[in-house]
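Here is the structure we will look at, set down as C-alpha cells.
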Amino acid sequence: MLDQYISTGDKDTRSGFGAGLLELGENNPDVVALCADLTGSLKMDAFQKEFPDRFFQCGIAEANMMGIAAGMTIGGKIPYTGTFANFSTGRVYDQIRQSIAYSFKNVKICASHSGLTLGEDGATHQILEDIGLMKMLPNMVVINTCDYNQTKAATIAIAKVENPVYLRFGRPKVPNFTPENQVFEIGKAVKLSEGNDVTIIATGHLVWKAIEAGRALQEKGIHAEVINIHTIKPLDEKVILNSVKKTGCVVTAEEHQMNGGLGDSVAQLLGREYPAPLEMVAVQDTFGESGTPEQLLEKYGLSSNSIVEKVLKVVERKK
C-alpha cells in the first residue's frame, strides 16, 4: 500500500504556505499578513504584491508583530504572522501567551525554517522546542505539515477556525506526495497504510522518512501501519489508540526534541488509555549544529534507517 505514495517532485513547504496565503487573500478580504523582515524567506511576497494594503512589514520586532496581530482580530481581521520558527515562538513567548492564547485571539502564527533542516544557519536558528512550547498553551492549535500540498491546504483551512493556531513548516525541498486538492481536516490523522505488526506515527518532514521505512520493513516481513499526524494538538486519539490496540507497539518520528513533541503526546495518551511498547525517533536532548539538512537528519538519528531500527527494537519488546 505504501508503494502508491510517489513524489511529484521536491518542493519546500514554505512555498506551500505562500501559495495558500495568496489564494486566501483572493477569497477572503479579512485575511491580512504581517511579516518580521523575512518576506522572501516566508514566500509572502506574492501576497504583498497582490494586496499591499493588507500586508504589514513589522521589521525585526517580532514581539510587536504579535501584539499588532492580536489587536487586528478585534476589528474582525484574520492575521497571519510570518517569521522563522525560532522567532515565532521562543523570542515572543510572553506576547503569544498573554495577548493571543490567554486572550483567545484569532491569530495564525505561521513559522518557517523549523527543526534541524534549517541546516547551515546552525543551532541558534534551529529551534527544536517549539511544538512543546506551543502545545502547552491553552486554546492553541498546533499543526506540523509534511509537504507542499499539505502546507498549502492547511494554510487555507486554518482561516475557517476561530482559534489561535501555530502552523509549522520548513525551508528545504522535500518530496511532495500528498493529494494536490486534498481536504485538510484539523485534528484528523491520515492513515497511509494498513499493518498489523507495528504503528509508525510521524509528523512533518519525517512522514516521508516513515514511508521509506515502511517500504524497507515490508522487505523484512514486517507490516507497518503508517500514520501522518499533521495536527499535534488536538491529537487524533481515536485513530492512534485503534491502531496501537491492533499492532501492540508504536514508533513515533519527528524533527523535534524528544521532550515535549509528538512522541511525548503519544506517550501520555498510551499511559492513560492503553500502555504499550513505545520508541521515539527524535532529537535526544541536544542542540543542533551547522550542516546540510540530510547530514543533520542522519547524524541526529532522524532518518528512515533510524525508524527501521526503532521498529525492530519495539517489535522485540512486545513479544
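Nothing in this text is a laboratory measurement; each read-out follows from the coordinates by a stated rule. No experiment lies behind these values; they were computed from the predicted model shown. Cβ sites come from the backbone with ideal geometry, for glycine too, and all protein chains shown count toward neighbours.
Worth a mention:
- Residue order for Cys35, Cys249, fewest other beta carbons within 10 angstrom first, comes to Cys249, Cys35.
- Here the contact order of the stretch 71-220, divided by its residue count and restricted to Cα pairs under 8 Å and six or more residues apart, works out to 23 percent.
- Top of His113, His223, His205 by mean-square fluctuation, Gaussian network on the chain, Cα under 10 Å: His223
- Only Lys, Arg, Asp and Glu carry charge here, each on its Cβ (+1 for the first two, -1 for the last two); on that basis the stretch 190-317 has a dipole of about 360 debye about its Cα centre.
- Neighbourhood net charge (14 Å Cβ-Cβ; Lys/Arg +1, Asp/Glu -1) for Leu312: +1
- HN-Hα J in Hz across the stretch 17-28 - Karplus 6.51, -1.76, 1.60, θ = phi - 60°, x for Gly and Pro: 4, x, 5, x, 5, 4, 5, 4, x, 6, 10, 9
- Highest-fluctuation residue, Ile100, Ile60, Ile200 considered, GNM on the chain with Cα pairs under 10 Å: Ile60
- When +1 charges are put on Lys and Arg Cβ atoms and -1 charges on Asp and Glu Cβ atoms, the dipole computed for the chain relative to its Cα centre reaches about 660 debye.
- Karplus-based coupling profile of the stretch 84-96, in residue order and whole Hz: 5, 4, 4, 7, 7, 10, x, 6, 10, 4, 4, 5, 5, with θ = phi - 60° in 6.51 cos²θ - 1.76 cosθ + 1.60 and x standing for Gly or Pro.
- Extreme residue, positive dipole direction of the chain, given options Pro138, Leu217, Pro164 (C-beta unit charges): Pro138
- Each Lys or Arg adds one and each Asp or Glu takes one away; over the other residues whose Cβ falls under 10 Å from the Cβ of Tyr148, this sums to 0.
- Inter-part distance where the stretch 193-264 and the stretch 126-169 are each reduced to a Cα centre, Å: 19 Å
- Relative contact order of the chain: 18 percent, from C-alpha pairs under 8 Å at least 6 residues apart in sequence.
- At an R0 of 35 angstrom, the distance between the Cβ atoms of Glu219 and Asn139 translates into a FRET efficiency of 0.20.
- Largest mean-square fluctuation among Gly260, Gly40, Gly16, in a Gaussian network model of the chain whose springs join Cα atoms under 10 Å apart, belongs to Gly40.
- Solvent-free Debye scattering, log10 I(q)/I(0), computed from the Cα coordinates of the chain at q = 0.07, 0.08, 0.13 Å⁻¹: -0.25, -0.33, -0.87
- A cut-off under 10 angstrom between Cβ atoms defines the neighbours of Asn259, and their net charge, with Lys, Arg +1 and Asp, Glu -1, is -3.
- Phe56 long-range amide H proximity, modeled H, under 5 Å: Ala33, Leu34, Cys35
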